[in-house]
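Coordinate-derived values only; no laboratory data. Everything quoted here is computed from the prediction, not taken from an experiment. Virtual Cβ from ideal backbone geometry, glycine too; neighbours counted across all protein chains shown.
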Amino acid sequence: MTVLLRIEDLSVSYGKIAALHGVSLQIESGMLVSIIGANGAGKTTLLNAISGVLPYSGLAELEGQPLPRAPHAVVRAGIVHVPEGRRVFSALTVQENLLMGAFIVSDHHVRRERLAEAYRLFPLLEDRKRQYAGTLSGGEQQMLAVARGLMSRPRLLLLDEPSLGLAPMLVTEVFALLEQINQQGVTILLVEQNARKALAIADHSYVLETGRVVAEGAGPTLLEDPIIRQAYLGVVEA
């Protein structure tokens, strides 16, 4: 497989406070990679650095080329970030939100094709296309946020806590949807508090602790690691 994203010795500081300390990872094209860790471990900071929201030191490459540092340039390079909290445009309709996700696409025919693809993947959104996004349920807003992110056909989709605040049944639906999207060829980097589900679906996973990578491996393998199970899954081995 081709290495899509390579990060080496990446560090981020908020003033004098270091948030990430020399993080290194790589994501191969077509993979679903998850990052787990406690609150404050630096997971969201890492996604914000990749997407150009935060400055950083170290190396970041997309298919061997330096990763752009400005958010709009990162999107044009093929990386789309779906942030924590969904952040849909509440005063716009579902369809208007989706079209905002295709702002880099100038061809109207292509935009319509992308819209049709989004509705095939998320039929519920087509039923709600004229509804204001702010009136959707939490689960529906999460679907809209993911669908909006896919409108630019990203090479890499960054997802920050997509299951946060959702009912258990909806969490299961969201993770099934992520697997489906990945199987259709979209590379995914997933940050998720639900470590059990994140590890279960990941080709490869990284564990962040106080801004450092402390473990990595195939998701299902880490799921069976006694140390990981105790620290992040709350399982005490007999």
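Observations
- Multiplying the residue separation of E173 and H21 by 0.36 nm and removing their Cα-Cα distance gives an extension gain of 51.3 nm.
- Candidate cross-link partners of K16 among the lysines, defined by an alpha-carbon separation under 30 Å and a same-chain spacing of 8 or more, comprise K43.
- Note: region 141-238, Cα convex hull, 113 Å³ per residue.
- Nearest-ten-degree value, helix 108-121 long axis tilted from longest Cα axis of the chain: 60
- Sparse packing (at most 14 other Cβ atoms within 10 Å of the Cβ) combined with a DSSP loop state is found for the following GluC sites (Glu not before Pro) in region 191-238: E224, E237.
- Each of T135, T45 was scored by other Cβ atoms within 10 Å of its Cβ. Arranged with the fewest first, they read T135, T45.
- Across region 59-174, C-alpha contacts under 8 Å between residues 6 or more apart give a mean separation that, scaled by the residue count, equals a relative contact order of 39 percent.
- For region 81-176, the alpha carbon convex hull comes to 93 Å³ per residue, rounded to a whole number.
- Sorted by Cβ density within 10 Å, fewest first, the residues H108, H72: H108, H72
- Length-normalised contact order for the chain - Cα pairs under 8 Å, 6+ apart - percent: 27
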